[in-house]
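S.K.: The structure under discussion is supplied below as structure tokens; questions concerning it will follow.
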Amino acid sequence: MRLFALSTLTFACIWLTSLALAGETTFALTGDNTTIEFVGAKPGKKHTGGFKKLTGKATANAADPTSLRVTLDIVLTSTYSDDPKLTSHLMAPDFFGVKSNPTSKFVSSNIEKKGNEYLINGSLSLNGKTAPVTIPAKISVAKGQLNVTGAFKIDRNDWGITYGKGIVEKDVILTVKVAAK
């Protein structure tokens, strides 16, 4: 009788776990369904740009956007900007240092609900350094599609990007948009 009760309990735990996991959907993230753009500034001038190539995955449960988990690799050689000379300079060691660090990585750690938005907390590795970031975002998971939109600031000095100190603003604004099926 004891063995029967233990077997029944084990089966119930496995069944409940499979039900919880059944609601999760995994989405492939690519440069086709995910955009990351930036705005950097210096006195009297702003530059815009972004990254054309990236790969990753997001896993979420439609019933709970705080279940979202993201891993994203950004190919830094795919960097573009509104100025070809700047695009070339962004590849240099005093910016992204793409020869030593060809990719950047974002990994989420947890999602918090705050009012009508969510805070995506995680770590960003760039230029050989890793630092925490928080992305205020709108998140929806419905009908097999993940939508995320957010904008946030980073201090480029946190990643050792110090070119133009005192002239180029330290804060860079990043926008993220995901529309993955």
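Where a number appears in this text, it was derived from the coordinates with a stated rule and is not lab data. All figures in this text were calculated on a predicted structure; none of them were measured in a lab. We place every Cβ from the backbone using ideal geometry, glycine too, and count neighbours over all the protein chains shown.
S.K.: Take a quick pass over the stretch 80-146 and tell me how many lysine pairs come in under 27 angstrom between Cα atoms, counting only ones 8 or more apart or on separate chains.
M.R.: The result is 12.
S.K.: Oh, and also: Tabulate in residue order the Karplus-calculated ³J(HN,Hα) for the stretch 163-174, using 6.51 cos²θ - 1.76 cosθ + 1.60 with θ = phi - 60°, rounded to whole Hz; enter x for Gly and Pro.
M.R.: 3, x, 3, x, 10, 7, 4, 6, 7, 10, 9, 10
S.K.: Which stretch or stretches of the stretch 40-78 have amide N atoms under 15 Å from the point lying 7 Å from residue 33's Cα along the Cα→Cβ direction?
M.R.: Label zone hits: 54-62, 69-73.
S.K.: What residues qualify as long-range amide H neighbours of residue 56, i.e. H under 5 Å apart, gap of 5 or more or another chain, H built at 1.01 Å from N?
M.R.: Under 5 Å from the amide H of residue 56 lie the amide H atoms of 29, 73, each far enough along the sequence or on another chain.
S.K.: Sticking with this structure for a sec: Ordered by residue, what ³J(HN,Hα) values in Hz, to whole numbers, does the stretch 37-47 give under the Karplus form 6.51 cos²θ - 1.76 cosθ + 1.60, where θ = phi - 60° and Gly and Pro are x?
M.R.: 10, 9, 9, x, 9, 9, x, x, 8, 10, 10
S.K.: At a Cα cut-off below 17 Å, give the aspartates and glutamates reachable from residue 46, other chains included and same-chain residues fewer than 8 away excluded.
M.R.: 37, 82, 83, 155, 169, 171
S.K.: Determine the shape class of the stretch 24-180: with a ≥ b ≥ c the square roots of the Cα gyration tensor eigenvalues, call it rounded for a/c under 1.5, and otherwise prolate if a/b is greater than b/c, oblate otherwise.
M.R.: Cα axes put the stretch 24-180 in the prolate bin.
S.K.: Taking K and R as +1 and D and E as -1, what net charge do the other residues with C-beta under 11 Å from the C-beta of residue 77 add up to?
M.R.: Combined, the nearby Lys, Arg, Asp and Glu give +3.
S.K.: To the nearest 500 deg cm²/dmol, what mean residue ellipticity at 222 nm is calculated for the chain from DSSP H runs of n ≥ 4 alone, each contributing -39,500 (n - 2.57), summed and divided by the residues?
M.R.: Mean residue ellipticity at 222 nm (helix-derived): -5000 deg cm²/dmol.
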